[in-house]
1. For residue 54, which lysines qualify as cross-link partners when the Cα separation must be under 20 Å and same-chain residues fewer than eight apart are set aside?
2. Compute the distance in nm between two label points, each set 7 Å from the Cα along the Cα-to-Cβ direction, one at residue 122 and one at residue 249.
3. Quick check: the distance between the Cα centres of the stretch 45-104 and the stretch 299-318, to the nearest angstrom?
4. Quick check: residue separation of residue 211 and residue 320 times 0.36 nm, minus the Cα distance between them. What number comes out in nm?
5. By a straight-distance test (C-alpha under 19 Å), which aspartates and glutamates pair with residue 156 as possible cross-link partners, with residues fewer than eight away in the same chain excluded?
6. If we sort 207-214, 45-52 on the protection proxy, mean other Cβ atoms within 10 Å, highest first, what's the order?
7. Got a number for carbon plus sulfur as a percent of the stretch 272-316's accessible area, 1.4 Å probe?
8. Label residue 62 and residue 169 with points 7 Å out from Cα along Cα→Cβ: what is the distance between them in nm?
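The values are calculated or read from the model by the stated rules, or taken from the named source; none is laboratory data. These figures come from a predicted structure and were not determined experimentally. Cβ: placed from backbone, ideal geometry, glycine included. Neighbour counts: every protein chain shown. These accessible areas exclude ligands, DNA and RNA; they are computed on the full protein's heavy atoms, side chains included. Shrake-Rupley method; radii C 1.70, N 1.55, O 1.52, S 1.80 Å.
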Amino acid sequence: MHRFVVGLIASAAGIAPAFAQEAAPEPEPAPQTEPQREDDWRPVLDAALAGGDKAETDAVVKTLQAAYPEDAAAIAAAVPVPPPPPEYGFFDLEGWDGEVELSYNQANGNSENNAFGGLANATNEIGRYLHTFNAYLDIGGADGERTQERFGGFYKIDITISDRVYAYNKLEYEDDRFSGFAYRVFYGAGAGYFVYDNDRTVWQLEAGPGVRYSSIQQTPDTDPTSPTFGQQIPLEDSSTDFAAYASSDFTMQLSEAVNVLNDSDVTYTDTTTTLTTRLAIDTKLNGRLRLRTSARVRFETDPPEGREDTDTVVRASLLFTF
């Protein structure tokens, strides 16, 4: 009762009693917005970012956010977000990347010669779609006669499904007059998967069904004792076969100036199976010029009559990138 009366008098007089000051609650501390345990999670996150693998970095970020929920926002903010690439249309030249290769090669197998060749490869990524055009030409001879004439190319479109998975459609044409086949046309569709995809290593696998049309090269009978000497040897003109296709494309950066590449593919049909593999080393000379040395081996399980089953090409090339 005494306190109540004193309080009324003090209030009327505008004076705060001492016991009222003592009873006033202390203000709550302002919430802290700075990361609480950054020294613990920062080295782990930096190591994941240095690896350059987006999928691994995303997994590390989720794990750290679960382990340090109070720093979840700070962990997410510490991951740099690359600016979106500029969007170009199919006919915008700025959107195309590629290379032009001029080469000298030595061939063994169905062609025994030295030859010159050229290759052009161009890609354009528009949203989820990656367009790839490829064209090549090899011409060579020996003792004044043409012994190598090979040209062709393909168009391929990849459709992104996730960070690692994509679908593809591929149409390919090949004309090699000294392989026993006049020409071949292949169409296939399937799925691709990036085993690795970072700044130093890219490894992608593809597989799917397809159809291959092969036109057989008709050759004359060269046996002078044969009654059909000089005439065309009767061969089956062509075949259309269901195909199973698989490929591996691997690139590793050994240093800032040197890359090693290995690409292999196999096309299976009931008529014949074709296996091709290439190993190449790229050495950077300047910003747009590279030197490439490569060896390519092609194996045919059932080549046309009178043809070798293995072709080997060793090549030295200059590459201009754009």
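1. The reachable lysines, counting only those whose Cα sits under 20 Å from residue 54, are 62.
2. 1.7
3. The stretch 45-104 and the stretch 299-318 have Cα centres separated by 41 Å.
4. Using 0.36 nm per residue and subtracting the Cα-Cα distance, I get 35.9 nm.
5. Answer for residue 156, where 19 Å is the Cα cut-off: 92, 97, 99, 125, 172, 174, 175, 206, 249, 263, 265, listed by chain and number.
6. 207-214, 45-52
7. Reported share for carbon and sulfur atoms: 57 percent.
8. It works out to 3.3 nm between the two label points.
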